[in-house]
Amino acid sequence: MEQIVSRRSERHAAPSQAATDVLARDEQHLIPVYARYPVVMERGEGCTLFDIDGKQYLDMMGGLGVNALGHAHPRMVAALVEQAGAMVHLSPQYSNRWPSRLAEKLSDLSGMPGVFFSTGGSEAVEGALKLARTHGRQVGGAAKHGLVALRGSYHGRTFGSLSVTGQDKYSIDFGPGLPGVRFLDRNDVAGLRAAVMDETCAILLEPILGEGGVHKLSSEFLVEARRLADAHNALLIFDEIQSGLGRSGTWFAFEHTGVRPDVLILGKPLGGGIPLSALLVTEKLFHSFGMAKHGSTLGGSPLACRLGCEFLEVMQDEHVLDNVRAAGARLRSRLLALQERFEEIVEVRGEGLMWGVELTVPARPLAEAGLERGVLFNVVQGNVLRFLPPLILTESQVDAGLDVLEAIMEAHLTPAAGAVREEEPVAQVA
Ligand SMILES: *Cc1c(COP(=O)(O)O)cnc(C)c1O
């Protein structure tokens with residue numbers, strides 16, 4: 001546990017020639033679509049990353065929620081090596097033991113009996129939209145193609161998923177997108193009633209909006225979405241690519257309200273870092289696609305599915321959900337304590353190990369200071385610090401990361417009126 005956070009002497013060390021070279025090659029060859037941080041990562045171990053110069057970082061962003069078991073988990077490494085030696089890819093026209101094994105596990109956990117595998121999250125969203133359209137056509141004819149989604153949502157970067165993502169900044173340059181999409185504000189029950197009609201084929205929701213800044217949907221809103229979907233013979237689709245598979249402290253975020261979807265979309269951590277996403281459906285939708293109407297060459301490979309199985313087994317064997325709840329409670333209380341101390345913190349919200357801290361100021365400078373001090377923080381929406389750490393993050397790692405954040409906030413933010421200032425700033429030095 002010691003030396004989670006880098007030594008003070010390393011903090012301002014200039015990047016090595018090796019690091020500078022990689023960053024320069026990135027700039028020369030990679031189309032610049034990511035606001036990258038000036039660091040070159042080399043390897044990871046649990047919740048720690050090491051850069052090319054050997055400096056350590058505590059990982060509070062978990063590869064955007066993918067690295068649920070941290071980095072290089074011994075069981076994941078062993079499964080990967082063994083399966084790579086046996087078979088990586090197989091045409092989906094042939095059978096292999098791993099896809100149905102993983103599908104069975106996912107069905108047992110979710111209660112949804114049908115599974116289709118694809119690669120990334122966006123691809124699974126595309127599958128869900130196609131399923132909604134074909135189902136709509138089957139039950140209501142071609143006019144039943146309308147989609148209802150939320151402003152501030154995030155469903156991916158491909159054309160269909162972008163068309164249902166309620167953030168203009170991502171789609172404005174690529175329009176027009178899919179026709180027939182209606183957007184409304186989260187938790188606007190009256191707006192939902194007005195938007196859902198007989199022409200609606202699906203309502204698409206993230207039970208906890210992730211990229212949009214970590215916002216939970218209210219139970220009332222979700223219950224009404226379920227009722228309206230049933231009343232209009234539309235599908236209720238939950239995109240749990242980010243909130244699912246343990247992130248919220250239960251296997252799926254929908255368990256918090258008990259509202260069940262017709263279609264559940266999973267991704268991010270599912271393949272342990274190997275691209276894998278899944279579309280899960282209820283019994284009534286098992287045959288909705290029809291033969292040869294959908295597919296994915298690389299989706300659900302033996303390697304990805306085997307890692308998916310191993311991921312779920314490790315989650316169970318190591319009681320990771322218990323840890324999510326314990327470490328999540330610790331993270332929550334530390335963040336709420338920060339909110340008491342600093343003027344610029346507007347709101348702290350989340351569940352399990354998925355948290356957002358909304359600020360009145362840009363959050364990027366805090367993340368950059370975190371990088372210098374050896375802790376990785378993530379920023380969304382410009383002013384929200386988002387926490388998606390590995391689900392195996394321990395409570396003492398929460399404290400180590402939050403001690404650093406507190407010291408950074410002391411340097412960057414304003415003490416709240418009436419807040420008790422601590423004697424010594426808790427700059428974390430291992
Ligand atoms: C990340 C994410 C996606 C997109 O997944 P990709 O793997 O990047 O295509 C879709 N929906 C939600 C809720 C996500 O968090």
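The values are calculated or read from the model by the stated rules, or taken from the named source; none is laboratory data. What you are looking at is a predicted structure, and each value in this text was computed from that prediction instead of being measured. In this analysis, Cβ positions are derived from the backbone assuming ideal geometry, glycine residues included, and neighbour counts consider all displayed protein chains. Surface accessibility is based on the protein's heavy atoms, side chains included, excluding ligands, DNA and RNA. Shrake-Rupley method; radii C 1.70, N 1.55, O 1.52, S 1.80 Å.
Projecting label points 7 angstrom from Cα along Cα→Cβ for Lys293 and Ser91 puts them 2.4 nm apart.
Residue ranking by accessible heavy-atom surface, 1.4 Å probe, largest first, among Lys169, Lys268 comes out as Lys169, Lys268. Would you work out if the stretch 154-305 is rounded, prolate or oblate? Take a ≥ b ≥ c from the square roots of the eigenvalues of the alpha-carbon gyration tensor; rounded if a/c is under 1.5, else prolate when a/b is larger than b/c, oblate otherwise. Here the stretch 154-305 falls in the rounded category. Size descriptor for the chain, Kirkwood hydrodynamic radius: 22.6 Å (Cα pairs only, one decimal).
Relative contact order of the chain, taken over Cα pairs closer than 8 Å and 6 or more residues apart, is 22 percent.
For the stretch 72-116, the gyration tensor built on C-alpha atoms gives an oblate shape. Its axis ratio a/c (a ≥ b ≥ c) is at least 1.5, and a/b is not larger than b/c.
Here the stretch 172-213 is scanned for amide nitrogen atoms under 17 Å from the site 7 Å beyond the Cα of Phe159 along Cα-to-Cβ, giving 172-181. For Thr414, nonlocal amide neighbours, meaning residues 5 or more places apart or on other chains whose placed amide H falls under 5 Å from its own, are Glu343, Glu344. The accessible-area ordering, largest first, of the residues Phe286, Phe117 stands as Phe286, Phe117, per a 1.4 angstrom probe. Per-peptide packing, taken as the mean over residues of other Cβ atoms within 10 Å, places 356-369, 15-28 in the sequence 356-369, 15-28 from highest down.
Using a Förster radius of 25 Å, what is the FRET efficiency between Glu82 and Glu313 based on their Cβ-Cβ separation? Nearest 0.05, please.
On the way: r = 14 Å, r/R0 = 0.56.
It comes out at approximately 0.95.
Ile31 exposes around 140 Å² of accessible area when a 1.4 Å probe is run over every protein chain in place. Of the residues Thr134, Ala124, Val77, the one whose Cα sits farthest towards the positive end of the charge dipole of the stretch 76-160 is Thr134 (charges of +1 on Lys and Arg Cβ, -1 on Asp and Glu Cβ, taken about the Cα centre). The lysine pair tally for the chain, using Cα distances under 28 Å and a gap of 8 or more places or different chains, is 20.
Using 0.36 nm per residue and subtracting the Cα-Cα separation, the extra length available between Ser219 and Arg137 on full extension is 26.5 nm. Among Val320, Val81, Val189, the largest mean-square fluctuation in a Gaussian network model of the chain (Cα springs under 10 Å) belongs to Val81. Remark: the stretch 22-29, residue by residue, has Karplus-estimated 3J(HN,Hα) of 5, 4, 5, 5, 3, 4, 6, 10 Hz, where x stands for each Gly or Pro and the curve is 6.51 cos²θ - 1.76 cosθ + 1.60 at θ = phi - 60°. Taking Gly120, Gly244, Gly85 in turn, the Gaussian network model of the chain (Cα-Cα springs below 10 Å) assigns the largest fluctuation to Gly85. Within the listed set Pro176, Pro389, Pro275, the residue fluctuating most in the Gaussian network model of the chain (springs between alpha-carbon atoms under 10 angstrom) is Pro176. Given the -39500 (n - 2.57) contribution per DSSP H run of 4+ residues, what per-residue ellipticity at 222 nm results for the chain, rounded to the nearest 500 deg cm²/dmol? The helix-only estimate for the chain comes to -11500 deg cm²/dmol at 222 nm.
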